[in-house]
Amino acid sequence: IGISSRVTNENRKCEMKKEKRLCFIQPCLTNILKTVKIPKGKTCQPTFQLPRAEKLFFSGCSTTQSYKLTFCGVCMDKRCCVPNKSKMITLQFECPNEGFFKWKMMWITSCVCQRICSDPGDIFSELKIL
């Protein structure tokens, strides 16, 4: 699970505000191609789900409910799959001996596979040399 943040002025007062939300684009699987079933005759599977609903863990706390998340899939060629449509949901976490807290999370509803793949860890990966 990661945290995405943005600065926006989409509010009644048109004030700049920083928003944060949890995101979970793809689980860390050692061999994701064995987990994701790509249909015969296709090179990509844009989305996939794990076989069963699971609790999510964040900072030593776990969600009070189990969730069956939709993740972005994989391609056998050089394309990468990224979120195309999502919505916001609120998750409630329970921490041992510390109570509860809520966080908003990006809930992926669909992904698209594309040829332009940037390195998510490199904030300058989309810059072009002129």
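Just one of the listed residues (K78, K85) is open to solvent by 70 Å² or more (accessible area, probe 1.4 Å), over 14 Å from I108 (Cα atoms) and basic (K, R), namely K78.
Please verify whether segment 6-28 includes one or more residues that are open to solvent by less than 60 Å² (accessible area, probe 1.4 Å), more than 14 Å from the chain's Cα centre (by Cα) and polar (S, T, N, Q). Yes, segment 6-28 has at least one match. Provide a single number: the residues in segment 7-38 that are touching a strand residue (DSSP E or B) at 6+ places or on another chain (Cβ under 8 Å), in a loop (DSSP other than H, G, I, E, B), at pLDDT below 85 and farther than 16 Å from D77 by Cα. Counting residues in segment 7-38 that are touching a strand residue (DSSP E or B) at 6+ places or on another chain (Cβ under 8 Å), in a loop (DSSP other than H, G, I, E, B), at pLDDT below 85 and farther than 16 Å from D77 by Cα gives 3. Somewhere in segment 89-110, is a residue modelled with pLDDT under 85, of a type outside the set (D, E, K, R) and open to solvent by less than 80 Å² (accessible area, probe 1.4 Å)? Among the residues of segment 89-110, not one is modelled with pLDDT under 85, of a type outside the set (D, E, K, R) and open to solvent by less than 80 Å² (accessible area, probe 1.4 Å), which makes the answer no.
Here the condition is being open to solvent by 50 Å² or more (accessible area, probe 1.4 Å) and either basic (K, R) or at pLDDT below 90 (or both); of G60, G41, G73, it holds for G41 alone. Cβ-Cβ distances below 8 Å connect the following pairs, each with a first residue in segment 42-55 that is in contact (Cβ under 8 Å) with a residue 12 or more places away in the chain and at negative phi, a second residue that is of a type in the set (D, E, K, R) and surrounded by 14 or more Cβ atoms within 10 Å (Cβ to Cβ), and a separation of six or more residues or different chains: T43/R79; C44/R79.
The values are calculated or read from the model by the stated rules, or taken from the named source; none is laboratory data. None of these values were measured; they are calculated from a predicted model. Methodologically, a virtual Cβ is constructed for each residue, glycine included, from the backbone with ideal geometry; neighbour enumeration extends over all protein chains shown. Keep in mind that these areas ignore ligands, DNA and RNA; they rest on the heavy atoms of the full protein, side chains included. Shrake-Rupley method; radii C 1.70, N 1.55, O 1.52, S 1.80 Å.
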